Amino acid sequence: MTATALAAKVGLTVAPCHRRLRDLERSGVIRGYRADIDPAAVGLGFEASVFVTLRQVDRATMEIFESRVAESPQVVEAQRLFGSPDYLLKVIAADLPAYQRFYDAELTSLPGVERLTSTLVMKNLKSNAGPPV
């Protein structure tokens, strides 16, 4: 949405709207801007949710595991969970064979992994919604 459209929507003129946006950016409320790209349109239409259980949950293992996950472009979301499993990863790939190659080469070699459980996404109903503000 343009600043002009946003200003009209919230009932401000453009200049005060720009100032408020800058203030929100500086304070960290707005972390950044990005394009909302359809993965299927760029050849990445396959999605899997991967539940990860670690053998041991100690600081060193978690730090190395989390660092490796953060470096992987195929892992587009990652959450550390309370309870079991320890992590939930959202992985995208071109297709099932590409996912299998990534699973075999990358996911199984992540440090401390005891168990990986994949659930294949049939249909994405809602994504990248952001917080309800």
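Numerical summary
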| quantity | calculated |
| --- | --- |
| Chymotrypsin sites (Phe, Trp or Tyr not before Pro) within region 56-116: DSSP coil, no more than 10 neighbouring Cβ in 10 Å | PHE82 |
| Directionally averaged projected area (convex hull, Cα atoms, the chain), nm² | 10.6 |
| Partners for LYS126 among aspartates and glutamates (Cα-Cα distance below 20 Å; same-chain residues under 8 apart left out) | ASP36, ASP38, GLU47, GLU77 |
| Accessible surface, per residue, of the chain when the full set of protein chains is kept, probe 1.4 Å, Å² | 72 |
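The values are calculated or read from the model by the stated rules, or taken from the named source; none is laboratory data. In this text, all values refer to a predicted model and were calculated from it rather than measured experimentally. Methodologically, a virtual Cβ is constructed for each residue, glycine included, from the backbone with ideal geometry; neighbour enumeration extends over all protein chains shown. These area figures cover heavy atoms from the full protein model, side chains too; ligands, DNA and RNA do not enter into them. Shrake-Rupley method; radii C 1.70, N 1.55, O 1.52, S 1.80 Å.
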